[in-house]
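To start, the structure under review is shown below, and the notes come after it.
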Amino acid sequence: MTYPVALAAEDFVPVVLTVTGVCLLGRYTGARHRPGVLLAAALIGAGGLSKAVWKLIVALGGPDLPWLELMLFPLLTAGFGLLAWILTARHDGSAPGWIPPLVIGLPALCAGGAVLAGSTLPLLVSTMVFATLSGVHLILAARRRGDTLAAALFGVQLLGFFVLSPLAARPDQTVALQWVEQLSNTAAQGAFAVAAFRLGRTRQEVSP
């Protein structure tokens with residue numbers, strides 16, 4: 001379909017907000033895990049940007065480059081998988097025993113399903129699993145620190161992920177529906193960025 005340029009341009013906004021939020025989580029995780037958090041942000045950002053750039057090229061009348069769109073879920077899976085690994089790490093930096101097999105095995109299984117199905121949609125499953133693990137951890141962390149607003153904002157972002165990701169993966173959508181989806185996603189990722197800022201600030205305030 002033909003995308004309006006304004007719609008394609010707006011698709012960059014939630015990407016920027018998500019990457020900002022993940023980077024801000026580096027204050028919450030501490031210096032030990034900050035490089036990993038930044039790598040997770042880069043992977044998530046690359047996935048979002050790949051689809052946004054594809055949509056903008058199409059909107060401007062350029063060639064259809066489906067490989068750009070197809071990079072979305074593989075990169076999101078890698079980014080959210082790494083983030084889930086970091087967030088569930090123990091104080092000594094080690095991960096719970098079930099995390100490495102999940103982070104490595106689930107994407108491999110979903111990648112196999114993607115090859116068989118001829119679509120990257122099976123990787124949406126692993127992306128949602130890792131996003132859920134990360135979101136639940138952040139909600140509980142905010143609640144432990146008494147920041148109910150941050151917990152609620154993390155919940156908004158997680159709810160948006162469950163509702164909007166399957167909708168965005170549908171091939172046939174009207175322009176009006178895409179506007180609703182993108183603006184809702186922008187609001188959800190804005191909530192995530194604010195919550196991440198508050199959680200990092202709370203860590204600094206309680207640190208000795």
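General remarks:
- Residues (in a loop (DSSP other than H, G, I, E, B) and under 18 Å from the mean Cα position of the chain (by Cα)) located in the stretch 11-30: Asp11
- Within the stretch 187-208, the set of residues being modelled with pLDDT under 95, of a type in the set (S, T, N, Q) and in a helix (DSSP H, G or I) comprises Thr202, Gln204.
- Of the candidates Ala52, Ala8, the single residue that is of a type outside the set (Val, Ile, Thr), assigned to a helix (DSSP H, G or I) and closer than 26 Å to Ala111 by Cα is Ala52.
- Meets criteria (out of contact with any helix residue (DSSP H, G or I) (no Cβ under 6 Å at 6 or more places or on another chain), open to solvent by 20 Å² or more (accessible area, probe 1.4 Å), touching a residue at least 12 places away in the same chain (Cβ under 8 Å) and more than 20 Å from Thr29 (Cβ to Cβ)) for Pro100: no
- Looking only at the stretch 158-178, and only at residues there that are modelled with pLDDT under 75 and of a type outside the set (Asp, Glu), the one that is farthest from Phe80 (Cα to Cα): Pro171
- Here is the figure for the stretch 44-60: residues that are in contact with a Ser or Thr (Cβ under 9 Å, 6 or more places away or on another chain) and among the aliphatic types (A, V, I, L, M) total 3.
- Any hit, the stretch 31-48, residues being in a loop (DSSP other than H, G, I, E, B) and open to solvent by less than 70 Å² (accessible area, probe 1.4 Å): yes
The values are calculated or read from the model by the stated rules, or taken from the named source; none is laboratory data. Remember, it's a predicted structure, so these values are computed and weren't measured experimentally. We place every Cβ from the backbone using ideal geometry, glycine too, and count neighbours over all the protein chains shown. Accessible surface is based on the protein model in full, side chains and every heavy atom, while ligands, DNA and RNA are left aside. Shrake-Rupley method; radii C 1.70, N 1.55, O 1.52, S 1.80 Å.
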